[in-house]
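Every number in this text was worked out from the coordinates using simple rules, so none of it is lab data. If you're wondering where the values come from, they're calculated on a predicted model, not measured in any experiment. Note: ideal-geometry Cβ built from the backbone for every residue, glycine included; neighbour counts use all protein chains shown.
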Amino acid sequence: MPELPEVEATRRHLGPVLEGATIIEVIVRRLRMVRRQERPGDFGDRVTGRRIRPLGRRGKYLLAPLEGDITWVTHLGMSGRMSVNTREDPELPHTNVVVRLDSGAEVRMVDPRTFGFVAAYTPEELVVALNDRIGPDAYESLPSSRRLADLLAGRVAPIKALLLDQRVVSGLGNIYADEILHRAGIRPDRPAGSLDATELKALRAAIRPVLAAGLSHGGTSLDDLAYLLPDGRAGDYVTRLRAYGREGEACRRCGGTIVRTVIRARSSFWCPRCQA
DNA sequence: ACCTCCCTGGCC
DNA sequence: GGCCAGGGAGGT
């Protein structure tokens with residue numbers, strides 16, 4: 001599912017297709033996909049006719065800055081993915097937004113569950129939509145362990161819940177949060193404020209390597225294949241996962257048995273033997 | 001800081 | 001035929 005590594009892999013694939021191209025037409029097949037926008041029609045109106053500058057990303061948000069100070073923002077939600085096509089390619093089911101380029105290529109957003117969305121923002125709107133809502137990017141600007149200590153001090157919520165809170169750091173979802181906690185050797189249900197300095201260092205140190213590994217494999221495509229790279233290939237980090245989805249299987253570090261518990265209404269997979 | 005909702009394919 | 005998956009927003 002699309003978390004930071006999947007969004008970043010998507011950004012890297014889309015870059016060569018989008019950058020420098022001009023948007024000539026936008027087709028919104030499901031109006032629900034345009035959200036967090038005053039009027040849904042604003043999206044097409046605002047992006048059409050503009051040239052795309054180099055792509056960016058913040059947490060799970062894919063950012064396409066356009067000439068003229070408009071930013072096309074895409075969030076893939078739970079089940080969204082981007083697909084690069086020619087106009088002749090048949091459309092997959094759940095193709096909800098189509099962006100046609102002057103190059104003849106088109107980028108399609110496919111999202112069965114429609115938790116994803118697109119929007120087009122002025123600089124002021126972008127600040128409200130992103131800066132005021134999400135914290136530093138977990139890959140590009142990870143806070144120091146000392147800063148993390150400040151953020152987590154006194155918090156009784158489980159550390160897993162705070163890793164998923166995009167205001168603390170942005171980009172982590174359920175899969176990579178579990179992988180990070182496993183690598184750091186920390187139980188997901190530990191009260192966040194109870195982590196000592198050594199544990200916080202281990203936690204901080206686990207974040208980038210896990211995300212980098214996921215990215216190097218093109219991300220994590222699960223059996224449902226909801227997430228795929230823009231060329232249709234699957235990311236295969238699922239074969240390297242150490243915790244997520246491995247209930248009942250042997251821990252790849254200590255040989256213990258991975259368990260599944262529910263934290264904040266989300267599945268958590270972890271090893272009771274090597275996560276303390 | 002917690003709960004509910006959105007949505008649909010896939011599974012029991 | 002019902003339930004589950006879950007990111008993020010909204011409400012209490």
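At-a-glance table
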{"read-out": "Spin-label model distance (nm) - A:Arg240 vs A:Arg36, 7 Å beyond Cα toward Cβ", "value": "2.9 nm"}
{"read-out": "Footprinting exposure proxy for A:Trp72, A:Trp270 (fewest neighbouring C-beta atoms within 10 Å first)", "value": "A:Trp72, A:Trp270"}
{"read-out": "Chain A, relative contact order in percent, only Cα pairs under 8 angstrom and at least six apart counted", "value": "19 percent"}
{"read-out": "Euclidean distance between Cα centres, segment A:141-196 to segment A:84-137, Å", "value": "29 Å"}
{"read-out": "Fully extended contour minus Cα-Cα distance, from A:Ala250 to A:Val156, at 0.36 nm per residue", "value": "30.8 nm"}
{"read-out": "Extension gain (nm, one decimal) between A:Thr261 and A:Glu140, 0.36 nm per residue minus Cα-Cα", "value": "40.5 nm"}
{"read-out": "For chain A, alpha-carbon Rg and Dmax in angstrom", "value": "19.4, 57"}
{"read-out": "Whole-number percent relative contact order across segment A:145-270, with pairs defined as alpha carbons under 8 Å at least 6 apart", "value": "23 percent"}
{"read-out": "Residues A:Lys201, A:Lys160, sorted so that the one with the fewest Cβ neighbours within 10 Å comes first", "value": "A:Lys201, A:Lys160"}
{"read-out": "Loop GluC sites (Glu not before Pro), segment A:84-178 (other Cβ atoms within 10 Å of the site Cβ: 11 or fewer; DSSP)", "value": "A:Glu88"}
{"read-out": "Neighbour-count ranking [beta-carbon atoms within 10 angstrom, fewest first] of A:Val7, A:Val128", "value": "A:Val128, A:Val7"}
{"read-out": "Approximate spin-label separation A:Asn131-A:Ile24, in nm, with each point projected 7 Å along Cα-to-Cβ", "value": "3.6 nm"}
{"read-out": "Computed over segment A:27-170: relative contact order in percent, which uses C-alpha pairs under 8 Å that are six or more apart", "value": "25 percent"}
{"read-out": "R0 of 22 Å, Cβ-Cβ distance A:Thr122-A:Arg167: FRET efficiency to nearest 0.05", "value": "0.45"}
{"read-out": "Distance between modelled label sites at A:Phe115 and A:Glu88, nm, 7 Å Cα→Cβ extension", "value": "3.7 nm"}
